[in-house]
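Right, one structure below, let's go through it.
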Amino acid sequence: HGSHAGGRRWARPFRGAGQGSAQCTVVAFHPRKPNTAFLGTRNGLLVSVDHGRSWRAVRIPQAARDVVHISCDPRDPDRLYLLSVDGLFMGNPARGEWQRGFPFAQGQALDPDTTDETDALEDNEIEELPAGAPRFSAVAPDPRNPLTVYLAGSRGLQMSADGGIHWQLVSRTGLESPSLSRVVLAAHSPLVIYAATRRGVARYDPTQGRWQHLTQGLSPARVHDLAATT
């Protein structure tokens, strides 16, 4: 269900047909065009330009069709970051032009040689996912620097400073569980990152290089998603 009326009215604007088309994974609204929304499914990406009354398929690479998450480029909202089970893609959905940022090798980390011995976690803290399940759950570009992109997943947060070519694991110091469902980047001064984890909400300060859990004193619970106002 969705709302283009600030939550005052809700409707079911989309009923997919075909294998995977009805399995919706993520929705994103264009930040400058309130009538435009993007919908990711297990079988592709769709766009609506009339408040969800009609939808059309967006031309994307075959490897990008199993959509996990999408995010708009903060500097160019017509450009999308599309995270699929098989890789990260960047492009303009209106023109159907896409660039592959990085392919995922059977769900493994982007840089398998990256280690962080100073804040290593116990093996039982690493979430083991079923075969075929996506290891990465969210993509988030830096609102201050379009070349800096973050990927959240079952083994923590990874960062690329060159648009998705090279990646490094972000420190897990202070993070009680590395399994991240979603991340929200807040363009404060400096930047801070909020993450949904299986033990509550955590906040990462890049200048300090450590995480802080914001639900201390409360019963920790798995958080599946986060949203923030601009």
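Extension gain for Arg210-Arg222 works out to 2.3 nm (0.36 nm per residue, less the C-alpha to C-alpha distance). Would you give the gap between the C-alpha center of segment 144-214 and the C-alpha center of segment 73-98, rounded to a whole Å? Each part reduced to its Cα centre gives a spacing of 20 Å.
Within the full protein context, the accessible area of Arg222 is estimated at about 110 Å² for a probe radius of 1.4 Å.
The values are calculated or read from the model by the stated rules, or taken from the named source; none is laboratory data. Just so you know, these numbers come straight off a predicted model, no measurement behind them. The accessibility values were calculated without ligands, DNA or RNA, using every heavy atom of the protein model including side chains. Shrake-Rupley method; radii C 1.70, N 1.55, O 1.52, S 1.80 Å.
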